[in-house]
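One structure is given below, encoded as structure tokens.
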Amino acid sequence: MSILAWIEDQRKLKILTAPKYNHPGSDGSQGLWTRCDYCGVILYIKHLKENKQVCLGCGAHLIMNSTERIRQLIDRGTWCPLNEAVSPCDPLEFYDLKQYRTRLEEGQKRTGLLDAIQTGTGMLHGIPVALGVMDFRFMGGSMGSVVGEKLTRLIEMATQEGMAVIIVCASGGARMQEGILSLMQMAKISAALHIHQAHAKLLYLAILTSPTTGGVTASFAMLGDLIIAEPKALIGFAGRRVIEQTLLEDLPENFQTSEYLLYHGLLDLIVPRSLLKEALREILTLYRDAPLRRPGALPYGLQGKLTPLQEERMRRTWDSTWPDLQEKFLSEFSRDPNAYKDLNRDATLAAAKGMTVRWAIKPTQ
Ligand SMILES: [Zn+2]
């Protein structure tokens with residue numbers, strides 16, 4: 001190492017280890033100033049937000065929270081969140097340095113989210129899409145059962161409605177505090193994606209931001225029809241140190257960066273944040289107008305699932321016809337005890353029309 005390189009290293013080290021001033025939250029949500037984690041430049045948070053959290057000094061793509069990401073990708077006023085009330089629990093009553101429950105509460109307080117993801121539908125330059133955005137601020141964007149469930153529901157909804165799915169990944173991997181419950185989410189999401197892509201022949205785009213590691217990389221992050229990454233993002237499965245110790249050899253400087261992965265064929269595109277929305281529009285338009293695309297079909301069982309909207313419609317139909325039907329049942333039954341055959345027929349008809357049969361009349365004789 002030359003003396004100049006050493007001085008440069010020392011300077012970087014000094015900048016990066018210095019405390020961030022006027023900066024209580026690590027995400028820059030409070031305070032006026034923050035510092036770039038890559039080059040050490042002090043940044044005015046308002047300017048940083050205007051520049052989509054891209055460092056004005058070195059162009060590094062800093063961590064963006066899920067709300068900002070949705071605002072960046074979805075047309076104003078068209079975002080419609082899904083399953084907002086799904087909240088985590090603590091099935092293993094896990095504790096490491098702190099109770100898992102306490103960690104959850106802290107995360108919820110800090111981010112205003114119930115878990116590390118937001119899902120919903122919206123328009124991207126007028127094209128309807130189902131979007132899932134992970135939030136790294138909530139326990140390192142780790143994938144617990146809520147993240148898995150919300151993503152699976154999003155994908156299934158998109159499969160039913162025939163929409164493309166976009167998932168923005170930012171995660172440290174599966175959530176260890178939920179044990180096997182978090183690991184099984186990998187298979188669950190992958191299965192839902194398989195039906196979406198292979199049977200319904202719909203599009204799924206994965207967007208990998210820094211960092212995307214662990215169980216997320218091992219499941220849905222790498223299953224995209226197109227896998228897009230941000231410049232210089234950290235993407236990998238196991239950590240660098242673990243691999244170095246296992247292989248007992250030094251790894252290249254840019255190991256596990258998106259450029260390295262693109263060169264080795266794991267990614268399809270690297271798109272800077274400022275161009276991401278335009279790039280997605282082009283891909284979605286190209287896919288929609290593709291001349292040789294074949295229509296897909298859903299496997300048996302999935303089509304029959306009711307959406308909340310259909311359920312509500314049925315409930316209202318039932319409620320409006322219910323008094324008449326009840327009147328008919330009771331009057332016929334009181335006149336002739338053998339009329340139950342007709343009643344059963346009526347109940348069958350009602351079921352065929354899509355109404356729920358809440359009770360069955362049994363003859364008393
Ligand atoms: Zn920078």
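Here, each number is a calculation from the coordinates, and none is a lab measurement. This one's a predicted model, so the numbers in the text were calculated from it and none came from an experiment. A quick note on method: Cβ atoms are made from the backbone with ideal geometry, for glycine too, and the neighbour counts reach across all protein chains shown.
Pulled fully out, how much extra length does the chain show between Glu106 and Gln10, if you take 0.36 nm times their separation in residues and subtract their Cα-Cα distance?
31.0 nm
State whether the stretch 63-288 is rounded, prolate or oblate according to the following rule on the C-alpha gyration tensor (a ≥ b ≥ c being the square roots of its eigenvalues): a/c under 1.5 gives rounded; otherwise a/b larger than b/c gives prolate, and the remaining case gives oblate.
Here the stretch 63-288 falls in the oblate category.
What is the set of long-range amide H partners of Ala174 at a cut-off below 5 Å, with H atoms built 1.01 Å from backbone N?
Close amide H contacts, sequence-distant or interchain: Met143, Gly215, Val216.
Out of the DSSP beta bridges found with both residues in the stretch 63-288, what percent are antiparallel (nearest 5)?
40 percent
Net charge around Asp225, counting only other residues with Cβ within less than 11 Å of its Cβ (Lys, Arg = +1; Asp, Glu = -1)?
Here the count lands on 0.
Quickly rank 89-102, 252-265, 191-204 as a protection proxy: mean count of other C-beta atoms within 10 Å, highest first.
191-204, 252-265, 89-102
Can you find, among Thr102, Thr121, Thr152, the residue sitting farthest towards the positive end of the charge dipole of the stretch 80-184, where Lys and Arg contribute +1 and Asp and Glu -1 at Cβ?
Thr102
Net charge within 14 Å of Thr119 by Cβ-Cβ distance, Lys/Arg positive one each and Asp/Glu negative one each, not counting Thr119 itself?
Summing Lys and Arg as +1 and Asp and Glu as -1 gives -3.
Taking H as built 1.01 Å from N, whose amide H comes closer than 5 Å to the amide H of Trp33, not counting residues under 5 places away?
HN-HN under 5 Å from Trp33: Ile45.
Relative contact order for the stretch 63-288 using alpha-carbon pairs under 8 Å, separation at least 6, rounded to a whole percent?
The normalised contact order for the stretch 63-288 reaches 15 percent.
List the residues, sorted by chain then number, that are 5 or more residues from Ile270 or on another chain and whose placed amide H is less than 5 Å from its amide H.
For Ile270, the qualifying residues are Ala229.
Dipole size in debye (nearest 20) for the stretch 63-288 around its Cα centre, Lys and Arg Cβ +1, Asp and Glu Cβ -1?
Dipole of the stretch 63-288, to the nearest 20 debye: 440 debye.
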